[in-house]
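Only one structure is covered here, and it is reproduced in the block below.
Derivation of every value follows stated rules applied to the coordinates shown; laboratory data play no part. This is a predicted model, so every value here is computed, not measured. Neighbour counts are summed over all protein chains in view; Cβ atoms, including those assigned to glycine, are modelled from backbone coordinates with ideal geometry.
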Amino acid sequence: TITTEETRRWLVNFSKRIEEEKQYLSNLDQAIGDGDHGSNMARGVKAVEEAIDDDSLEKPSEVMKKAAMAMISKVGGASGPLYGSAFLEMSKSVDEKDLDEVVEAGLNAIKKRGQAKLKDKTMVDMWEPVVESLKNDTLTKASIQEAMEATKPLKAKKGRASYLNERSIGHLDPGAVSSGYLFMALIEEVE
Ligand code: ADP
Ligand code: MG
Ligand code: MG
């Protein structure tokens, strides 16, 4: 399990990365979507940072729940409710369960909400291999990088990118990349 402070540092580190890579994420979304993934995420994580900068939050679950609410209320795009559902579901187990199970609960929430499966070129293509890696104790920055790259040859089946059909092939999925930053931040703050 992780501590309240680790949870906070994880999310703050995620926020810093998103802010740094905001333009890159929007450029990725420009290629196969509407070009707003970086700005959507930056708005969301800024709200997350503000919401969790609160000494009255005593448990990881309380931090995670605040983060979920911030993502849901501040991010207009598809990604907001998906990250929000993931964080909300994770908040239910983060106080007691090991991280692999916590992240798996997040993955299941994303799948339930978005109805995407592996290889549909979505966030699921990051969350699912990460759950596997956490279970096998093989989560590294390289494995995350690999999962990002693996979205490139895929044809999008869900979300805006799916409107492009074949033309979505050959580009990284923006949501898989931003999710990769979430797990890189996890490695840095918790592992
Ligand atoms: P929007 O597409 O509404 O502009 P964003 O640009 O913020 O929202 O987010 C796009 C990302 O959301 C995609 O790159 C993809 O990873 C993710 N996404 C979209 N639809 C789904 C879905 N049904 N299931 C999982 N992830 C999805
Ligand atoms: Mg978009
Ligand atoms: Mg949009």
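Numbers below:
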item	result
Mean Cβ count within 10 Å, highest first, over the residues of peptides 17-29, 175-187	175-187, 17-29
Förster radius 30 Å - calculated FRET efficiency between Ser73 and Glu5, Cβ distance, rounded to 0.05	0.75
Pairwise centroid distance, computed over Cα atoms, of the range 8-69 with the range 105-157, Å	18
Hull shadow area, averaged, the range 88-181 [alpha-carbon convex hull, nm²]	5.8
Cα gyration tensor, the range 49-98 - rounded (a/c under 1.5), prolate or oblate	oblate
Two-site label geometry, Glu20 and Thr138: point separation in nm, points 7 Å out along Cα→Cβ	2.7
Debye log10 I(q)/I(0) for the range 1-70, one point scatterer per Cα, at q = 0.23, 0.26 Å⁻¹	-0.89, -1.02
Calculated FRET efficiency for the pair Gln30/Lys117, C-beta based, R₀ 30 Å, to 0.05	0.70
Estimated Rh, the chain: Kirkwood, alpha-carbon pairs, angstrom	16.1
Residue-averaged [θ]222 nm for the chain, counting only DSSP H segments that reach four residues, each worth -39500 (n - 2.57)	-22000 deg cm²/dmol
Greater than 21 Å apart at Cα, pairs in Lys66/Lys158; Lys22/Lys111; Lys46/Lys141; Lys111/Lys135; Lys16/Lys152; Lys46/Lys119	Lys66/Lys158; Lys22/Lys111; Lys46/Lys141; Lys16/Lys152; Lys46/Lys119
Per-pair calculated FRET efficiency, R0 = 41 Å: Glu58 and Lys157 via Cβ, rounded to 0.05	0.50
